[in-house]
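Here the structure comes first, spelled out in structure tokens, and everything after it is commentary.
Readers should treat all values here as calculations from the given coordinates under stated rules, not as data from a laboratory. Source: prediction; values computed, not measured.
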Ligand SMILES: [Zn+2]
């Protein structure tokens, strides 16, 4: 289950940035092409954090749909699943968005 290792690495990054401050919410952005199940990620997050200083911190997941651009006609399309051909002209496509995985921000408790 790679969600578990993802959560472990998020915890490592968040701890470093929080530097001992209380974390309320961790905002992450995940592209649709990452094959990550948000519910599984949320579950793994609670497993990984429950015995750490991040216990109680919420994981806020923003999903980014896949966006492709046709190499022939330039048409951009937003999809839930990656298509291998342009729906307009059947030309081949490049993935433009949908492969991202990043921590976008942390909400810290007021000091
Ligand atoms: Zn096309």
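Brief remarks follow.
- Taking Cα atoms only, the orientation of helix 38-49 departs from the longest principal axis of the chain by about 20 degrees.
- Straightening the chain between residue 100 and residue 71 buys 8.3 nm, computed as 0.36 nm per residue apart minus the Cα-Cα spacing.
- Normalising the Debye intensity of the stretch 2-108 to I(0), with uniform scatterers on Cα atoms only, and taking log10 at q = 0.14, 0.20, 0.23 Å⁻¹ returns -0.60, -0.91, -1.11.
- Normalised contact order of the chain, rounded percent, pairs of Cα under 8 Å and 6 or more residues apart: 36 percent
- Stretching the chain fully between residue 39 and residue 22 yields a gain of 3.7 nm (0.36 nm per residue, less the alpha carbon separation).
- Over the chain, dividing the summed -39,500 (n - 2.57) contributions of all DSSP H runs of at least 4 residues by the number of residues returns a 222 nm mean residue ellipticity of -8500 deg cm²/dmol.
- Tilt relative to the chain, helix 2-18 - C-alpha long axis, 0 to 90 degrees, to 10: 60 degrees
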